[in-house]
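Okay, so here's the structure we're looking at.
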Amino acid sequence: MGWNSWNMFGWNIHEDSIRETAKAIASSGLKECGYQYIVIDDCWSRKSGRDGNGDLVPDPEKFPNGMKALVDSIHDLGFKVGIYSDAAELTCGGHPGSYGFEEQDAHLWASWGFDFLKYDYCSAPADQETAIQRYTAMGTALRKTGREFLFSLCEWGGRSPHLWGRQAGGQMWRVSGDVFDSWINIWVAAWNTYGFGIDVSIDIAADLAEYGGPGGWNDLDMLVVGLKGRGQVHGGGMSFIEYRTHMSMWCMACSPLMIGCDVRNMEKDTVALLTNREVLAINQDTLGIPARPVRRFGACEVWKKPLADGSLAVALINRGASGSDITLKAGDVGLLDGPKLARDLWAQQDIADFKTDLTRRVEPHETLLLKITSG
Ligand code: GLA
């Protein structure tokens with residue numbers, strides 16, 4: 001759990017806004033909820049290239065005091081800090097990448113005190129074998145520094161990182177291209193690319209559920225909650241109900257939760273979506289089993305996620321355009337007949353006792369997130 005600079009700031013990052021963000025996460029209650037990584041994404045380094053020693057150089061206009069001072073000040077607030085690079089000559093934003101400099105760069109980041117690396121794949125060869133080699137080279141380089149890094153793989157899922165990400169040293173791997181601030185996929189002509197919407201991300205989470213677990217997570221991409229069309233990421237924003245479905249399903253899927261909005265200026269509804277402890281507990285549950293769909297009918301789905309305390313998290317999702325009744329049948333989620341209690345996690349309220357089934361009205365694009373306790 002943490003925050004990443006990309007969705008809100010893009011290339012327009014600065015040490016002041018990063019530090020202000022860390023302070024806002026500390027003072028807004030987000031930190032106590034578990035958001036602990038502050039990650040600086042692309043475009044932090046000098047675009048003109050490395051210095052005479054071959055070292056990456058922080059852009060002096062964006063980071064006038066250098067990285068060490070910034071990392072130290074964020075550590076002092078009780079956070080871990082992340083940096084970004086790419087497994088080729090250039091990053092997606094056209095800054096120097098780390099291919100061929102893996103050990104040198106890992107050593108530099110370790111000397112600045114970083115704890116996390118997001119490693120992108122722009123400008124790199126498309127085949128899987130090369131991707132495995134390049135990610136393994138960086139995973140090995142990070143390990144050699146002797147400093148603990150969380151290694152976040154970002155090749156967008158095309159080379160099945162869920163099959164080799166762990167061996168390459170990764171703890172999380174992106175499963176899609178960039179998720180936009182949108183329910184549906186959108187084409188961005190200027191970038192010559194599709195942005196993924198929340199709706200299709202839910203299908204990807206279903207397909208890959210079996211590959212995520214403790215030590216290696218399917219990363220559904222950074223959160224767009226709270227952007228409301230204001231970030232540099234495209235999409236234009238979603239309704240509150242859609243943002244809540246987004247958050248619900250990222251939690252059900254055990255995806256890393258990296259906030260993308262401007263936490264210095266959050267509305268109340270955004271704070272509510274990011275800080276509901278009962279919902280976050282589903283994401284952080286120690287069993288770490290990503291949810292799977294157990295029943296689909298029309299545009300509606302029932303998903304199940306076993307929890308460490310023996311209860312179940314259940315999502316009732318309506319992905320269609322009109323409201324619908326969704327029935328949770330005990331048998332669908334592997335529960336025997338007998339008394340059960342359903343708790344609405346967003347409302348933090350017990351809503352029903354039932355034995356065999358429970359029916360609820362679910363609005364278009366809405367998700368009802370329930371915790372079901374038997375006995
Ligand atoms: C890629 C990644 C994004 C972001 C940008 C930065 O598109 O998928 O998450 O890091 O690069 O340029």
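The values are calculated or read from the model by the stated rules, or taken from the named source; none is laboratory data. Computed from a prediction, not measured in an experiment: that's the story for all the values here. Note that we place each Cβ from the backbone using ideal geometry, even for glycine, and neighbour counts take in every protein chain shown. For accessibility, only protein heavy atoms count, side chains too; no ligands or nucleic acids. Shrake-Rupley method; radii C 1.70, N 1.55, O 1.52, S 1.80 Å.
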Filtered residues of the stretch 31-45 (kept if surrounded by fewer than 22 Cβ atoms within 10 Å (Cβ to Cβ) and away from the ligand (no atom under 16 Å from the Cβ)): Lys31, Glu32, Cys33, Gly34, Gln36
Residue under question is Glu278, and the condition is that it be modelled with pLDDT of 95 or more, over 17 Å from the mean Cα position of the chain (by Cα), on the phi < 0 side of the Ramachandran plot and in a helix (DSSP H, G or I); does it hold? yes
Residues of the stretch 114-153 satisfying the condition of being within 16 Å of the ligand (Cβ to nearest atom) and out of contact with any helix residue (DSSP H, G or I) (no Cβ under 8 Å at 6 or more places or on another chain): Phe116, Lys118, Asp120, Cys122, Ser123, Ala126, Arg134, Leu150, Ser152
Considering only the stretch 70-91, state which residues are open to solvent by less than 60 Å² (accessible area, probe 1.4 Å) and touching an Asp or Glu at 6+ places or on another chain (Cβ under 8 Å). Leu70, Val81, Gly82, Tyr84, Ser85, Asp86, Ala87, Thr91
Kindly indicate which of Asp309, Asp269, Asp325 is open to solvent by 40 Å² or more (accessible area, probe 1.4 Å), assigned to a loop (DSSP other than H, G, I, E, B) and modelled with pLDDT of 95 or more. Asp309
Being away from the ligand (no atom under 16 Å from the Cβ), of a type in the set (Asp, Glu) and at negative phi, is that true of even one residue in the stretch 75-83? yes
Residues Ala124, Ala189: which one is hydrophobic (A, V, I, L, M, F, W, C) and touching a Ser or Thr at 6+ places or on another chain (Cβ under 8 Å)? Ala124
Of the criteria (1) more than 16 Å from the ligand (Cβ to nearest atom); (2) closer than 19 Å to Leu30 by Cα; (3) in a loop (DSSP other than H, G, I, E, B), which one Leu287 fails: (2)
What pairs come up if the first residue lies in the stretch 325-351 and is farther than 10 Å from Lys371 by Cα, the second is outside any strand (DSSP E or B) and polar (S, T, N, Q), and their beta carbons are under 6 Å apart, counting only those six or more places apart or on different chains? Ala330/Thr356; Asp337/Thr356
Please name all residue pairs, on different chains or six or more residues apart, with Cβ atoms under 6 Å, provided the first residue is in the stretch 32-50 and is under 21 Å from Asp72 (Cβ atoms) and the second residue is open to solvent by 30 Å² or more (accessible area, probe 1.4 Å) and within 11 Å of the ligand (Cβ to nearest atom). Asp41/Trp6
I need every pair where a residue in the stretch 188-200 that is without any contact (Cβ under 8 Å) to a residue 60 or more places away in the chain has its Cβ under 6 Å from the Cβ of a residue that is among the acidic types (Asp, Glu), sequence separation at least 6 or different chains. Gly195/Asp178
Unique residue being in contact with a helix residue (DSSP H, G or I) (Cβ under 9 Å, 6 or more places away or on another chain) and farther than 17 Å from Ser48 by Cα when the list is Ser111, Ser98: Ser111
Just give me the residues in the stretch 345-363 being of a type outside the set (Gly, Ala, Ser) and within 15 Å of Leu316 (Cα to Cα), in sequence order. Leu345, Trp346, Ile351, Asp357, Leu358, Thr359, Arg360, Arg361, Val362, Glu363
Of the residues that sit in the stretch 1-30 and are closer than 30 Å to Asp285 by Cβ and either within 15 Å of the ligand (Cβ to nearest atom) or free of Cβ contacts under 8 Å to residues at least 12 places away in the same chain (or both), which one is most open to solvent (accessible area, probe 1.4 Å)? Ser27
Could you figure out which of (1) more than 15 Å from the chain's Cα centre (by Cα); (2) surrounded by fewer than 20 Cβ atoms within 10 Å (Cβ to Cβ) isn't true of Ala168? (2)
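Okay, residues lined up against (1) modelled with pLDDT of 95 or more; (2) within 25 Å of Ile38 (Cβ to Cβ); (3) open to solvent by less than 20 Å² (accessible area, probe 1.4 Å); (4) within 16 Å of the ligand (Cβ to nearest atom):
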| position | (1), (2), (3), (4) |
| --- | --- |
| Phe196 | yes, yes, no, yes |
| Asp199 | yes, no, no, no |
| Asp203 | yes, no, no, no |
| Ala209 | yes, no, yes, no |
| Gly215 | yes, yes, no, no |
| Asp221 | yes, yes, yes, yes |
| Val233 | no, yes, yes, yes |
| Cys261 | yes, yes, yes, yes |
| Leu273 | yes, yes, yes, no |
